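I have placed the structure first, in the form of structure tokens, so that the comments after it can refer back to it.
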Amino acid sequence: MVFLCNWCATLAAELAGSNRLAYPAGVRVVKVPCAGRINPLHLLRALQNGADGILVFGCHPGDCHYAKGNLLARRRLSVLKGLLEAVGMEPARLQFSWVTASEGSRFATLLDRAVQDVRTLGPNRKFVKNPAAAG
Amino acid sequence: MTKMQDAQNRLRETVKDLFAQQKVDLVVGFEAGSLPLRTRVCFLTSADEADRLVWNAFCTNNPAVYIPRLFQRPASPREEYKPPKLGIVAKACDARAVHKLLEEHQAPRENVTIIGMPCRGMACRDKVVIQAGDEVVEAVESTEGAVEIKTRGGASHRFELQDLLQQACLDCPQAAPEHVDVQIEGASRRDTTRRYEGLKNFEAMSADQRWEYFRHELSKCIRCYACRQVCPTCYCKTCFADMAKPRWTGAGDGLSDVMFYHIGRLMHQAGRCVECDACTRACPVGIDLKTFTRKLGKDVERLFDYVPGLRPDEAPLLCAFEDDDTEEFVTDG
């Protein structure tokens with residue numbers, strides 16, 4: 001699952017697209033107004049629903065369209081990542097990066113590498129809700 | 001008269017004074033419990049009830065949990081809001097919780113009188129029972145620093161309080177309650193050097209071992225929500241775990257849902273949990289919640305130099321940011 005903020009991250013993704021840079025299959029993109037909009041519960045829900053990895057892309061600190069959304073997200077996501085890693089989640093499953101609108105190829109590289117990292121780890125078995133027992 | 005009884009008497013006199021001066025119309029403190037090793041929270045509405053108050057090594061509850069409810073506004077805007085003038089007997093952890101609640105506007109500051117107690121730490125009931133090796137039928141804190149108990153089998157034991165301390169007390173960042181309105185005199189615990197020592201075992205484990213420990217502990221969860229109900233900083237009218245729209249998580253005791261609830265609650269406690277261990281004490285199935293709350297608290301302290309309730313005029317953790325906040329979790333290109 002890839003979360004893109006509506007501003008820098010989406011523009012970077014579109015730039016990558018217009019430059020015909022490929023990104024891997026198996027990626028679901030969710031556009032949010034700002035990385036600061038993301039509720040940690042959304043990310044937990046993604047893990048519960050079987051997401052093998054979660055990537056969040058936002059604007060560089062200082063460049064947020066809403067002035068401070070990414071700065072709040074930085075704290076929030078740091079705490080979430082620290083907590084999930086403390087209980088044994090592999091660090092590569094939750095990643096976040098800052099990109100500017102002009103960093104199309106950097107975006108593609110980051111995305112590519114992150115997906116590779118997650119593929120190497122294999123499917124997320126720890127948090128996923130067992131579909132057979134769902135009720 | 002023992003020093004502990006000194007502090008207890010001073011507390012009772014102070015409370016009588018506060019009522020007499022009309023600084024308070026309601027006092028929340030501790031009174032004798034019906035079982036050995038326990039006290040319970042009491043609510044006093046006049047000076048002549050003050051002699052019910054006790055102060056000993058078994059005053060483990062966190063009375064700050066009652067604040068959101070006591071100061072709740074009436075449902076109808078036409079009804080007049082009459083908040084109590086509350087006096088609250090507080091250990092260091094309780095005082096931190098009160099300050100967190102005041103920061104979150106759960107009570108007007110001028111309506112709360114924090115009565116700081118000389119706290120030398122509280123006895124962990126589990127440790128007493130383990131060291132006694134039998135059911136405890138009588139427990140008294142006698143001379144300073146000692147707990148004397150009698151067991152069902154007829155044995156008598158005397159333990160040093162320092163050997164019985166709760167994890168919350170060992171990890172306490174304060175030598176005594178701070179930022180209080182009234183301080184009851186007496187000797188407090190001075191040793192704050194053992195903070196987070198108990199976490200070392202967990203941190204030394206590999207990721208897989210930590211996962212297995214987490215999974216094992218949480219598999220006991222029956223979703224009774226005792227942890228949430230007893231927590232002073234959990235006061236949402238509708239908890240995320242009870243919401244239907246959006247349906248964050250199922251309500252059953254399946255492992256995935258249980259983990260979602262606990263990780264979600266921990267995230268909501270980030271920068272707010274005062275590590276009083278009320279959740280761990282309340283859990284009917286004995287989940288080691290305190291290990292996870294400590295890990296969270298330690299990370300928050302390390303990453304942001306923030307200890308909830310320690311410095312009341314600081315901005316709340318997740319409502320603020322610094323330009324030089326850590327980037328150690330950000331993936332660079």
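The values are calculated or read from the model by the stated rules, or taken from the named source; none is laboratory data. This one's a predicted model, so the numbers in the text were calculated from it and none came from an experiment. Neighbour counts run over all protein chains shown; Cβ positions are idealised from the backbone, glycine included.
Here is the figure for region B:305-333: residues that are surrounded by 15 or more Cβ atoms within 10 Å (Cβ to Cβ), within 27 Å of A:F57 (Cα to Cα) and without any contact (Cβ under 8 Å) to a residue 24 or more places away in the chain total 6. Can A:A46 be described as in contact with a Leu (Cβ under 6 Å, 6 or more places away or on another chain), at pLDDT 90 or above, crowded, with 17+ Cβ neighbours inside 10 Å and aliphatic (A, V, I, L, M)? For A:A46, the condition - in contact with a Leu (Cβ under 6 Å, 6 or more places away or on another chain), at pLDDT 90 or above, crowded, with 17+ Cβ neighbours inside 10 Å and aliphatic (A, V, I, L, M) - is not met. The residues of region A:118-132 that are surrounded by fewer than 17 Cβ atoms within 10 Å (Cβ to Cβ) and touching a helix residue (DSSP H, G or I) at 6+ places or on another chain (Cβ under 9 Å), listed by number, are A:T120, A:L121, A:V128, A:N130. Hey, among B:A97, B:A47, B:A32, B:A75, which residue is free of Cβ contacts under 8 Å to residues at least 40 places away in the same chain, touching a Ser or Thr at 6+ places or on another chain (Cβ under 8 Å) and small (G, A, S)? After applying the criteria, what remains is B:A32. Scanning for something within 11 Å of another protein chain (Cβ to nearest Cβ) and of a type in the set (S, T, Y), does region A:117-128 turn up at least one residue? No, the conditions are met nowhere in region A:117-128. For residues in region A:67-114 being buried (at least 20 other Cβ atoms within 10 Å of the Cβ), assigned to a helix (DSSP H, G or I) and of a type in the set (S, T, N, Q), which is farthest from the other protein chains (Cβ to nearest Cβ)? Here the answer is A:N70. The residues listed here are B:A47, B:A57, B:A123, B:A95; of these, the one that is of a type outside the set (F, W, Y) and surrounded by fewer than 24 Cβ atoms within 10 Å (Cβ to Cβ) is B:A47. Inspect region B:175-193 for any residue being within 14 Å of chain A (Cβ to nearest Cβ), of a type in the set (V, I, T) and more than 21 Å from B:L296 (Cα to Cα) and give the result as yes or no. No - not one qualifying residue is present in region B:175-193.
Scanning region B:255-287 for residues that are within 12 Å of another protein chain (Cβ to nearest Cβ), touching a residue at least 12 places away in the same chain (Cβ under 8 Å) and either assigned to a loop (DSSP other than H, G, I, E, B) or within 18 Å of the chain's Cα centre (by Cα) (or both) yields B:H262, B:R265, B:L266, B:H268, B:Q269, B:A270, B:G271, B:R272, B:C273. Condition first: of a type in the set (A, V, I, L, M) and at the interface with chain A (Cβ under 10 Å from one of its Cβ atoms). Can you find one or more residues in region B:219-230 that meet it? Checking region B:219-230: not a single residue is of a type in the set (A, V, I, L, M) and at the interface with chain A (Cβ under 10 Å from one of its Cβ atoms). Any residue that is within 12 Å of another protein chain (Cβ to nearest Cβ) and more than 30 Å from B:E212 (Cα to Cα) - is there at least one of those in region A:23-35? Yes, region A:23-35 contains a residue that is within 12 Å of another protein chain (Cβ to nearest Cβ) and more than 30 Å from B:E212 (Cα to Cα). When B:I88 is tested against the conditions (1) at pLDDT 95 or above; (2) in a helix (DSSP H, G or I); (3) buried (at least 21 other Cβ atoms within 10 Å of the Cβ), the lone failure is (2). Within region A:21-33, at least one residue is more than 15 Å from the chain's Cα centre (by Cα) and crowded, with 16+ Cβ neighbours inside 10 Å.
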